[in-house]
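The structure appears below as structure tokens.
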Amino acid sequence: MNDTSTPTGLPSATPEPAAGPPPRRRGMGSTRSMVISMVIVAFAVVGWWAFVPRSTPTAQPVADVAGIAREIGISRHWDPAVADGLPSTWSPVNVRLVTLSDQPPTWQAGYDVPGGKYIRVLQTANGNTSWVQAQTGNGAAKGIVTIGGVVWSKVERADGGERSLIRSAPLGGLSTVVDGTGSWSQLIQFAASVKPLSKSALATKGPTTAPSS
């Protein structure tokens, strides 16, 4: 008869405990959320920057201002204004049709000007008070000025960083505002230069930059 009992003095075999999951690394979830938040903020800043007048030149000059104005004019049945006769040191850098959900389509031709400033002309069809206020930042009235026989209202934002000129009569059938970070004299010089494309020296030209003085 075989003896199958465990020999005296030998320990009984017991299974080793199963290895548990590795300890969770702290901070991974919060780090991932922080990165996502930073990306969202970055996109928001880029979107905001695109519609704010810039105080330093950061874009390449636009070579075909007349061509862009002509295409938008055909598509919208407008005669958009272009700057005609500015010095060569005034460089067009932001020329396009701006479309926002809460505002009518707006023609914008923006220029980098001497001193690291930026000035643009803004136009739309039948611009109402809401549109004008949006372009001027609800600035305070600073009097009027007559340019080429037409009265323009002067408006300045609370921080004094941006100024606007509001044309009292449509230009080429379009409500017109000139604004930016330039001085009053620069804004007046720019406003005096803007003409409907059809009446400007750029009307029959191909690719152009600001004409030399």
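With each label point set 7 Å from Cα along the Cα-Cβ vector, what nm distance links V151 and N138?
Distance between label points: 2.6 nm.
Compute the projected area of the convex hull of the Cα atoms of region 71-137, averaged over all viewing directions, and report it in nm² to one decimal place. Kindly include the intermediate steps, with their values, before the conclusion.
Working: hull surface 21.4 nm².
For region 71-137, the mean projected area of the Cα convex hull comes to 5.4 nm².
Computed FRET efficiency, Cβ-Cβ of R76 and S101, R0 22 Å: what is it to the nearest 0.05?
0.80
Below 14 angstrom from the Cβ of R163, what's the summed charge of the other residues (Lys, Arg +1; Asp, Glu -1)?
Residues close to R163 contribute a combined charge of +1.
On a straight-distance basis, which aspartates and glutamates could pair with K195 in a cross-link, Cα separation under 15 angstrom, same-chain partners fewer than 8 positions away excluded?
Here the aspartates and glutamates satisfying the reach criterion relative to K195 are D79, D84.
First compute the accessible area of region 57-213 with a 1.4 Å probe, then give the percent of it belonging to carbon and sulfur atoms.
Roughly 51 percent of what the probe reaches on region 57-213 is carbon or sulfur.
The values are calculated or read from the model by the stated rules, or taken from the named source; none is laboratory data. Just so we're clear, the structure is a prediction, and the values are computed from it rather than from any experiment. No Cβ is skipped: glycine too gets one built from the backbone with ideal geometry, and neighbour counts run over all protein chains shown. Side chains are part of the model used for accessible areas, which takes the heavy atoms of the whole protein and leaves out ligands, DNA and RNA. Shrake-Rupley method; radii C 1.70, N 1.55, O 1.52, S 1.80 Å.
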